[in-house]
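**Student:** Once you've had a glance at the structure underneath, I'll fire off some questions.
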Amino acid sequence: MSTNTTAPDVTAETDVAAGESPTVFAELETPQQRADRLSRIGTGPVWVITAIVLDAVSILLFAFIGGRAHAADPSFLHVLEVAWPFLLSAFVGWVWAHAWRRPLDLSHTAAPIWLFTLVGGVLLRGLTLHGVAFGFVIVTGTVLAVFMFGWRAVLRSFARRSAGWRR
């Protein structure tokens, strides 16, 4: 009969003796690794498509609510007539911000898209002889900011939580 005379793993015993499991140190990540992992949250093709759709829905919802508030024609064609300058401007904002890289980012993605959508949409609306009042610009900027930053903040929060739970 042979007996196993190999020495026990001292580090595992020391870790366990200290009240920690032997795998704790393998799970620790450096601050840079954590920052890199968190920066990748909400990226990828599914998030890009989701972001494009939700930005378009935000603009269409803004146009629909505005039309209903002013008792305008509630048809989808009228909503598109109001929304197209903002949709086109949002597209330009997406391209300028390279939004497909980090579609949920608030400062590097949402802010430029919102700014392009507001300024470009108002300018295109003014050029197409629909008129632009100062109150319209304030309401448009506020509503689009709430919609475009809001959905990103909510989804980003869920994405971060789910990423943390998976670790």
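**Student:** Just to confirm a number: summing +1 for Lys and Arg and -1 for Asp and Glu over residues other than GLY131 whose beta-carbon lies under 14 angstrom from that of GLY131, what do you get?
**Tutor:** Once all neighbours under 14 Å are counted, the net charge is 0.
**Student:** Grab the other residues whose beta carbon is less than 9 angstrom from that of ALA99, score K and R as +1, D and E as -1, and report the net.
**Tutor:** Counting the neighbours of ALA99, the net charge comes to 0.
Bear in mind that the values in this text are calculations on the coordinates, not laboratory data. What you see is a predicted model; the values in this text were computed from it and never measured. A quick note on method: Cβ atoms are made from the backbone with ideal geometry, for glycine too, and the neighbour counts reach across all protein chains shown.
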